[in-house]
Amino acid sequence: MTLFATLWADVRGTWKQMVLHGLIFALLFQVFMMIALIVRFQTLPNYVTGYDWIGNVIWIIKSTPSWSDIPPIIWEEWLLEIGKMNYDYGTGISEWSLNVVPSRLFVLFILGAMVSLCLTLTKRDACSAGTSNKLRATTGLGAVLVAMTNATMSWVVCCATPSWVVGLAMLGLGVSTSLALETMGPILTFGGFGLLVALILYLAWRKSRTDLEPIPEPSHA
Amino acid sequence: MTTNYTLKSVLLGAALVPMASMASAEKITIAVGHQSMCTDTYTAGIVVKELGLLEKYLPTDGKYADAEYDVSWADYSSGGPITNQMLANKLNFGVMGDYPLIVNGAKFQETESLRTLYVAGTGYNLKGSGNAIVVPVDSDIYSIDQLEGKAVSTPVGSAAWGMLLKAMQDNEIPTGDYVLKNQSPAVGAANIAAGKIDAHSDFCPWSEIMEFRGTGRKIYDGSETGVPYLHGVVVREDFAVEYPEVVEAFIKAVWEAGEWIREDPMQAVTLMEGWTGVEKEVLYLYFSEGGHLTLEPSIKQEWVDALKFNHGVLVKEKAIPPLDFDAWITEDYLKAAYADLGVDYEADKAVMVDPAVANKGLPMEIWHSRDGVSSFGTMPEFLKAMAEIRATAALVNATYVYDVETGLKLFGKTAFWVKSGEEYATFLRKGEAETYASETGGTLVSFDEAIADFIAEG
């Protein structure tokens, strides 16, 4: 109970910072992906397409009979597509693109906020430098797992349904390895979030324990 | 007073009748996802769109008497996004190739409440032509077994990817013996042109585009796998149940699109070039008599078997969900559409065009830039005509010959030519040309050398 009270107090005290860091993280991740694409393909984007995300979501809710089918469909809805169109063939074919997907933005926002909380708790934790580094590394691992599985770059524009491993394949990972990893996406995401949640709880527990411990009286007093 | 009130009521009622009728006029939205860079989808996509064939067949009587149609077309470079848009109910119909069709059916069946139906084909190649492996034109690779240790790219998840996997298995080249890279058609074609990749496997019409532009050379044709290559139409089941006559209208439009192309292939591909940006000479290789594509929408048992085979590949390589083919594939709409058109469905279904048989004895062709396409029954006539054209410095758009082994239609300039005495034969692959040459005591010659023989005679 003390653990959750401590955690709640920390969240309440830093929520503005968490929201800000969540937003910055989600946006910076889009910028990072765009830079990765530009560097990988050595070309700048030449088209931008906007989508009526809100209208589309309303339409999906109205026209999908089962409630359980709605979230996964909305999950794939795009807000923005920025990419490179190659006009050497036909009427143009998208060579690569960055897809801004609100559902993934939300996940990245949550991730950013959690990382912010982790770092705040780590900073306040009175542990040795070595332990601090381990805690930061664990935070980083959790963040990488979640961020990696929420990459929304697209390159293979042919027939293959876009998935998170497309981004990995595009950045140099072998096709076989990418495909082998594809089904592990949800597991990796949950693994990453699980790691962060566990870390937050651990740090809050340490903090609550420190708060409860009586301050020893100086022996020479 | 009462009479007056009654009269007013009657008049008001009479006045409101047309308004009530207007109010009941239903707006039917028909959204189709198609692919203008995939030739085999054209008879259910770009041709139907540009000729307004769907509008021609849309029902206007019975429950559709007051219907207002809102038809829209969305062009995609692959089937994957079409499926996503269909799931979101932004598209009712989707036109795509065999592998994405299977993914479409499986993804819908994975949901609780949504389904698609595979209602018609667009066209096919019985042996699998359309997919091919291409190498840079100056490469010293001439056969698939030379790909051991090389880097091969393909759009993973496409029909060409499936063909590549099977081709490698058939030739006993394990996955570890070559480097598979994931590349979109445009990237693969650009890399072939720049010689940055050893080989690229792609679907229609990319291989032929590379051949026509002189950047790539085919070393393996999909027909060698023997697995039919087909494309088709899927429709959301909820739409099909609500508007079965609209689905039938769509199939009628597909059928007429095929007839329109068959009637005058040269004019058809010239128009299609304007609509799609794909060179008409490349399209002619697909849509002319003896071309890679047989335009016919029936669903044959062989197609179902091929789709089941492809699904097995996808399950193994990409772990896609199961697919109940019996629930997914239906011929009901096809049969109803054919009956309305007065065409015998079973007769169409029974016909299976095998290029190796059907293309035997077909004439060679020259597409003269000014005079159009001319046909030549014999090789000497064809080569002599080419020699005469060259003497006048007139422009030739393309020439077409046939592979002796498979019956596949080829560009004259990319074929391997064998001269045996006074006879000439053309081949897709160098190995078979060499074998034929040794068997007949002939020699391999280039297209230019074969033409030069007739210039000298002149």
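The values are calculated or read from the model by the stated rules, or taken from the named source; none is laboratory data. For clarity, every value in this text was computed on a predicted model and none was experimentally measured. Cβ placement follows ideal geometry from the backbone for every residue including glycine, while neighbour counts extend to all protein chains displayed. Protein only, heavy atoms only, side chains kept; ligands, DNA and RNA dropped before computing areas. Shrake-Rupley method; radii C 1.70, N 1.55, O 1.52, S 1.80 Å.
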Probe radius 1.4 Å, ligands and nucleic acids left out: can you give me the accessible area buried at the B-A interface, summed over both chains, in Å² to the nearest hundred?
3200 Å²
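As a test of reading the structure, rank B:Val235, B:Val241 by solvent-accessible area (1.4 Å probe, protein chains only), most first.
The most accessible residue leads, giving B:Val241, B:Val235.
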Straight-line reach only, C-alpha to C-alpha below 16 angstrom: list the lysines that B:Lys252 could link to, leaving out same-chain residues fewer than 8 apart.
B:Lys49, B:Lys56, B:Lys335, B:Lys349
Where a label projected 7 Å from the Cα of A:Val144 along Cα→Cβ would reach, residues of region A:181-206 with amide N under 19 Å:
A:181-182, A:184-200
If one compares the long axis through the Cα atoms of helix B:447-457 with the longest principal axis of the Cα atoms of chain B, the angle in degrees, nearest 10, works out at 60 degrees
Using a 1.4 Å probe over the heavy atoms of the protein chains, calculate the carbon and sulfur portion of the accessible area of region B:247-395 as a whole percent.
52 percent
Can you give the FRET efficiency to the nearest 0.05 for A:Ala198 and A:Leu20, using r as the Cβ-Cβ distance and R₀ = 25 Å?
0.55
Let's see if you can work this out: charge +1 on each Lys and Arg Cβ, -1 on each Asp and Glu Cβ, no other charges. What is the dipole magnitude of region B:245-392 about its Cα centre, in debye to the nearest 20?
640 debye
In nm, spacing of pseudo-spin labels at B:Gln301 and B:Val241 (7 Å Cα→C-beta vector):
3.0 nm
Just the accessible area per residue of the protein assembly as shown, please: how many Å² with a 1.4 Å probe?
43 Å²
Hey, if you put +1 on the Cβ of every Lys and Arg and -1 on every Asp and Glu Cβ in region B:359-457, which of B:Phe427, B:Ser446, B:Ile366 ends up farthest toward the positive end of that dipole?
B:Ile366
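Which value, in debye to the nearest 20, describes the size of the charge dipole of the protein assembly as shown about its Cα centre when Lys and Arg Cβ atoms bear +1, Asp and Glu Cβ atoms bear -1, and nothing else is charged?
About 3500 debye.
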Relative to the isolated chain, which residues of region B:130-172 have their accessible area cut by 40 Å² or more in the presence of all protein chains (1.4 Å probe, heavy atoms, no ligands or nucleic acids)?
B:Val156
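So if R0 is 56 Å, what FRET efficiency would B:Ala339 and A:Val11 give, r being the distance between their Cβ atoms, rounded to the nearest 0.05? If you can, show how the numbers build up before the last one.
Values: r = 68 Å, r/R0 = 1.21.
In this case the efficiency is close to 0.25.
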Angle between the Cα long axis of helix B:301-318 and the longest principal axis of chain B, 0 to 90 degrees, nearest 10?
80 degrees
Using alpha carbon centers only, region B:212-268 is separated from region B:378-441 by a whole-angstrom value of 29 Å
Given Cβ point charges of +1 (Lys, Arg) and -1 (Asp, Glu) and nothing else, what value in debye, to the nearest 20, does the dipole of chain B about its Cα centre take?
1140 debye
Hey, rough spin-label estimate for B:Val357 and B:Asp332, points 7 angstrom out along Cα→Cβ, what's it come to in nanometres?
3.4 nm
Solvent-accessible ranking of A:Leu203, A:Leu3, largest area first, probe 1.4 Å:
A:Leu3, A:Leu203
